[in-house]
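Novice: Next up is a structure, given as structure tokens.
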């Protein structure tokens, strides 16, 4: 296996048997969600893996080099999509999944989470992963390459639970686009929970509490 992305790894207790791979948004890095995962109070020890996206020029930002999971060509993020970049990031996340499986974590004990661009990548990856995962948390995001989902979706992943959350006043990724993505995913018989909050393109305390409540029964029952 080729080298893995650099990551921050945090264990909430001894010998965790559950892992969450959590992806940051455009221009951030793995440290961005350290305060969030440290705030979560879950019933079992967790391993949090927070990778840093590669640095690349981003077209919409004048070609400025920053950490990004894929390029963005225009303000309409659902147009002119960087399919090659999205699929390259999918391959990187699959390597992190393989690492956790090699550590003995069961697929149903493995969760993918991501914010904005990171959320798009975990949706793309999780819906195509050949096994049912514990769940996907997609925050303030959308479904990329939506037209390819029907042909590429994994039958096993149809039962992977999904939590999607969005700010109603999000100026970066409109809430409407998030809802349309949720509706598109729901057509493939996924168990999907949709939440909206009075916030812009960010994360709020109520959302963190809802994430904790959503994860808890999916951990305690296993």
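FYI, it's all coordinate maths here, none of it is from the lab. These figures come from a predicted structure and were not determined experimentally. Every residue, glycine among them, receives a Cβ derived from its backbone with ideal geometry; neighbour counts consider all protein chains shown.
Novice: If you take the beta carbon distance between residue 60 and residue 147 as r and set R0 to 25 Å, what does 1/(1 + (r/R0)^6) give as a FRET efficiency, to the nearest 0.05? Show your work: numbers first, answer last.
Specialist: Details: r = 21 Å, r/R0 = 0.86.
Calculated transfer efficiency: 0.70.
Novice: Highest GNM mean-square fluctuation, the chain, Cα pairs closer than 10 Å: which of 187, 81, 17?
Specialist: 187
Novice: Taking the number of other C-beta atoms within 10 Å as the exposure measure, put 66, 199 in order starting with the fewest. Could you put the intermediate results ahead of the total?
Specialist: Working: 66 14, 199 18.
Ascending Cβ contact count within 10 Å gives the list 66, 199.
Novice: I would also like to ask the following. How would segment 106-222 be classified by its alpha-carbon gyration tensor: rounded, prolate or oblate, with rounded meaning a/c under 1.5 and the a/b versus b/c comparison settling the rest? Don't skip to the end; give the middle numbers.
Specialist: Details: a/c = 2.06, a/b = 1.17, b/c = 1.75.
Oblate, because a/c is 1.5 or more while a/b does not exceed b/c.
Novice: Multiplying the sequence separation of residue 198 and residue 108 by 0.36 nm and subtracting their Cα-Cα distance, what value in nm do you get? Numbers along the way, then the final one.
Specialist: Values: separation 90, 0.36 × 90 = 32.40 nm, distance 3.19 nm.
Fully extending the segment from residue 198 to residue 108 adds 29.2 nm.
Novice: Per 0.36 nm of contour for each residue apart, how much would the distance between residue 172 and residue 9 grow if the chain were fully extended, relative to their Cα-Cα spacing?
Specialist: Working: separation 163, 0.36 × 163 = 58.68 nm, distance 2.87 nm.
Extra length from residue 172 to residue 9 when fully extended: 55.8 nm.
Novice: Taking the Cα atoms of the chain, what is the range of coordinates along each of the three principal axes, in descending order and whole Å?
Specialist: For the chain, the Cα spread along each principal axis is 45, 36, 35 Å.
Novice: Just from its helices, what would the mean residue ellipticity at 222 nm be for the chain, if runs of 4 or more DSSP H residues each count -39500 (n - 2.57) and the sum is divided by every residue, rounded to the nearest 500 deg cm²/dmol? Mind showing how you got there, number by number?
Specialist: On the way: 6 runs with 68 residues, N = 222.
The helix contribution divided over the chain gives -9500 deg cm²/dmol.
Novice: Rounded, prolate or oblate: pick one for segment 56-145, where a ≥ b ≥ c are the square roots of the eigenvalues of its C-alpha gyration tensor, a/c under 1.5 means rounded, and failing that, prolate if a/b is larger than b/c, else oblate. Walk me through the numbers on the way to the answer.
Specialist: Details: a/c = 2.57, a/b = 2.00, b/c = 1.28.
Note, shape of segment 56-145 comes out prolate.
Novice: Contour minus end-to-end for residue 83 and residue 154, with contour as 0.36 nm per residue of separation and end-to-end as the Cα-Cα distance?
Specialist: Numbers: separation 71, 0.36 × 71 = 25.56 nm, distance 1.83 nm.
23.7 nm is the gain from fully extending residue 83 to residue 154.
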